[in-house]
Amino acid sequence: MIIPSFDLSLVFGIVLFTGIFLILSLCVAVWASVLFYLFGKIPQKGLQMILPVVVALVFIAGEIPFKAFLYTILGENEFLMSGPYMSVFSVIPFATILAMGVIAPFPLIREHLTLKRPWYAIFAASTVVGTYIFLHNFIVAFGPHQETSRNLSWTPYFQSVTLFSQFLEAIVIAAAVFGVIVFLQYANRMLAGNRLRRGILALVAIILIVLLPATGIGGFALFLWLVMQKIPGRINPVVISVAAVLLLALTGTMLSGISGMGTVVDYAVITMAIMAFAVLVPFLYLAPGIERNWQPVILFTGAVAADIVLTLVATVFELGEWLTSDPITIVTFAEGGIIFAACAYTAGQYLITHRKYPSLPAEGGEVS
């Protein structure tokens, strides 16, 4: 097989710049933590939920006028224009949009997080979101579609649509991180009293990193389930999940039909959301038969296991390119995800019911 030259340079660039992106993401995480602290001073809970979305939309709509204003103000100062100041000022709106994407879903899961300092979760999610989006932007800029990206960038609303897409991606990825944190909380409770608890948790965290993106699917599925618990009725969450799978698949297909849209929308995030809703469908049906304290553990591990199996199937039959080029075919794999996830949940339910597993401590208590 002949490997194009850009593939090797792209891999090298990813390895080289990931560390730089991580440092930049830490800066975004600090900024997001500061904004989260300020929003926390607002007494109205409803306003705390709405304000991040409003702020993000204002910065998205005003990104172009803001840059034009900066060039007008700083244009006459050669010192400011020649130094790094222009870059710093220009990146503030982008960092704020990402921060708003991380903060927006947090109130929906706050009651399930037992962290002593909630901003820990914001900091962790911001770091993951920033690193991922910076890395994706790097691949778009220097990858095989860079010429398409440059041609498309001349369209009037290219930058605004891109920023809005990245805001939505930040929401999904942050929600997945929050779900993973909830799972780690339950793992911590399971290991209560074990003198090797910290080492085991560190090993679990490393394994979850290795299992990306399956970990993201499990985390997002857990986040969605915790949110859907507030929806009345047993069938309504199932209907919503199935409808979300079909709607996301249709949206992905429509977007893939637009030339150059792959440089604006990250189809991997759409696929992750589709699979998360898919593996949630059988769990919503089986959950009442699972011990309550074990439900998050069964959901997360079952979702990760189902995605790993599907990934192996796609690898063995070389279906990766087919799936990438036609997002609607993800629905077929989503159906497979439903089946494999149902098997995993049933197996977990059996082990809990028929084996001598100690019961998890009741919910409550804070995790440092």
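The values are calculated or read from the model by the stated rules, or taken from the named source; none is laboratory data. Everything numeric here is computed off the predicted structure, so don't read it as measured data. Reconstructed Cβ throughout: ideal geometry from the backbone, glycine too, with neighbour counts over all protein chains shown.
Exactly one residue out of I200, I206, I274, I217 is hydrophobic (A, V, I, L, M, F, W, C) and loosely packed, with under 14 Cβ neighbours inside 10 Å, and it is I206.
Among what's in the stretch 330-368 and is of a type in the set (S, T, N, Q) and assigned to a loop (DSSP other than H, G, I, E, B), pick the residue that is modelled with the highest pLDDT. Looking at the filtered set, the residue picked out is S359.
When A273, A268, A287 are screened for being modelled with pLDDT of 90 or more and small (G, A, S), only A273 passes.
Between residues in the stretch 18-42 that are outside any helix (DSSP H, G or I) and residues that are of a type in the set (A, V, I, L, M) and surrounded by 14 or more Cβ atoms within 10 Å (Cβ to Cβ), which pairs lie under 6 Å by C-beta distance while being six or more apart or on different chains? Cβ pairs passing all conditions: none.
Scanning the stretch 93-114 finds one or more residues that are more than 20 Å from the chain's Cα centre (by Cα), within 24 Å of N188 (Cβ to Cβ) and at pLDDT below 90.
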